[in-house]
Amino acid sequence: MNKKYIVELTAEERSVLEEVVRRLQGSSRKVKRANILLKADVGGPNWTDAKIAEALDCRTKTVENVRRRFVEQGFEIALNGRKREKPPTKKLLDGEQEAKIIAMRLGRPPAGYGKWTLRLLARKVVELEIVEAVSYQTVRRNVKKNGMSTQRAIQYWVIPPAADAEFVAHREDVLEVYSRPYDADIPVLCMDEQPVQLVEEVKTPIEATKEHSRRVDYEYKRAGVASIFMFTEPLQGWRHVSIREKKTKADWAIELANLLEGRYADCEKVLLVCDNLNTHTPGAFYEVFEPERARSLVRRLEFHYTPKHGSWLNVAENELSSMTRQCVAGRRMGSVEQLRRETTAWQEDVNQTQRGVDWQMKIDDARTKLKSLYPKIKK
């Protein structure tokens, strides 16, 4: 294809460009423009745009633009570029002011506000005389430039205690249980529980169509509370969900008794990993069953409690979180029976499709990565 903009240098222009390349060795834009003009010269190498771009590590569009400026605007502009007609806009905020805005954004909002907004931040910056005047858009650009979200929300974490012997003792106990190989006679069973608000529809929802998604009326009716009990065997990829109206010692003991006398009837012992709640005790069985039956159940249980503020060590909590997000969250369920049907369907499907849990953290990893949680031993 014929070039539209032909570069034809005079001997004087060629000499100037060669001097630029010789004196300003490097990758500056001026050197790159000089090289482009030299290579594109029809009286010289007369390279194609693609060959020039490959040799100079630039785009073919850059080569074409330099040739076009040479033809339309002359040698000086093609080499040196167009001079700025107006001086650059002065920065609205200097480094110190930007730092103060970021520090304010990281701090707590003023009394009466739950979080910072851009307009609130812009107003407070002026009130504190950090700047004379500033728009919320300028504040937004400053916050974004420093890698912060303009809508940063509070993050809720399970923050462990510092240098707590009880915490690390319970943690290492649970990690040791997870490190054991699978034994059908002594399985590891994790359990967790959570309450769920039952909500009834007041008006019949409108089903989804091609034009709109499913529509649900804002009005609803509270229908009480139910409790979800989650039991899971990490190494077997098995989980069991049970729904009860309450979350008492009796409910917990009955659910465990059903498993011990059902699925685990032939097991010598069950290693139970659970949170250290006042309902998760051997005494709960004695409040529900006769002493002989209660003792036979407790004898086959070996309790391993997760530490306080360390419930993330409970695999059942991860399963419960998955079930909540996939099955319960964002839905209105008005009765225990409906909640039980839905969670049972989820349980059956997941048991068929998902594998076991490959727990990665070992005791040695915890002692290295979470060293700050161990108490300092005074010698």
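Values quoted throughout were computed directly from the atomic coordinates according to the rules given, and no laboratory measurement underlies them. Quantities reported herein were computed from a predicted structural model and do not represent experimental measurements. So basically every Cβ, Gly included, is an ideal-geometry build from the backbone, and we count neighbours across all protein chains shown.
Summary table below
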| item | result |
| --- | --- |
| 20 °C / 1.002 mPa s Stokes-Einstein diffusion coefficient of the stretch 183-296, Kirkwood radius on C-alpha pairs, µm²/s | 127 |
| Distant alpha-carbon pairs in the stretch 315-368 (separation over 18 angstrom), percent | 46 |
| Ranked by how many other beta carbons lie within 10 Å on average, peptides 85-91, 3-9, 216-222 from highest | 3-9, 216-222, 85-91 |
| Relative contact order, percent, the chain [alpha-carbon distance under 8 Å, six or more residues apart] | 15 |
| Unit Cα scatterers, Debye sum, the stretch 11-80: log10 I(q)/I(0) for q = 0.20, 0.23, 0.25 Å⁻¹ | -0.76, -1.03, -1.23 |
| Exposure proxy ranking, count of Cβ atoms within 10 Å, fewest first, for Ser213, Ser321, Ser242 | Ser213, Ser321, Ser242 |
| Degrees, to the nearest 10: 136-145 long Cα axis against longest axis of the chain | 80 |
| Considering only the stretch 183-304, percent of DSSP beta bridges that pair antiparallel, nearest 5 | 75 |
| Beta bridges by DSSP in the chain, antiparallel share as percent, to the nearest 5 | 65 |
| Debye-sum result for the stretch 95-145 in log10 I(q)/I(0), which assumes one identical scatterer on each alpha carbon, at q = 0.22, 0.26 Å⁻¹ | -0.74, -1.06 |
| Ellipticity estimate at 222 nm from DSSP helix runs (n ≥ 4, -39,500 (n - 2.57)) divided over the chain, nearest 500 | -12500 deg cm²/dmol |
| Fewest-first ranking of Cys267, Cys327, using other Cβ atoms within 10 Å as the exposure measure | Cys267, Cys327 |
| Ratio of Rg to Rh over the stretch 234-379 (Cα coordinates, Kirkwood Rh, two decimals) | 1.01 |
| Rounded FRET efficiency, nearest 0.05, which uses the C-beta distance separating Lys3 from Lys83 and R0 of 35 Å | 0.80 |
| Computed FRET value (nearest 0.05) for Lys246 with Lys378, which takes r as the C-beta separation and R₀ as 35 Å | 0.15 |
| The chain: mean projected area of Cα convex hull, nm² | 37.3 |
| Cα→Cβ-extended label distance, 7 Å offset, between Ser28 and Glu211, nm | 6.5 |
| In nm, spacing of pseudo-spin labels at Gln155 and Lys91 (7 Å Cα→C-beta vector) | 2.8 |
| Hydrodynamic radius (Kirkwood) for the stretch 280-343, which is based on Cα pairs only, to one decimal in Å | 14.9 |
| Angle between the chain longest axis and helix 11-23 axis [Cα atoms, degrees, rounded to 10] | 40 |
| Selection from Gly112, Leu56, Val288 lying farthest towards where the dipole of the chain points positive, charges on Cβ | Leu56 |
| Taking the stretch 95-145 and dividing mean pair separation by its residue count, relative contact order in percent (alpha carbons under 8 Å, at least six apart) | 35 |
| Estimated FRET transfer efficiency (Glu54, Asn146; beta-carbon r; R0 45 Å; 0.05) | 0.75 |
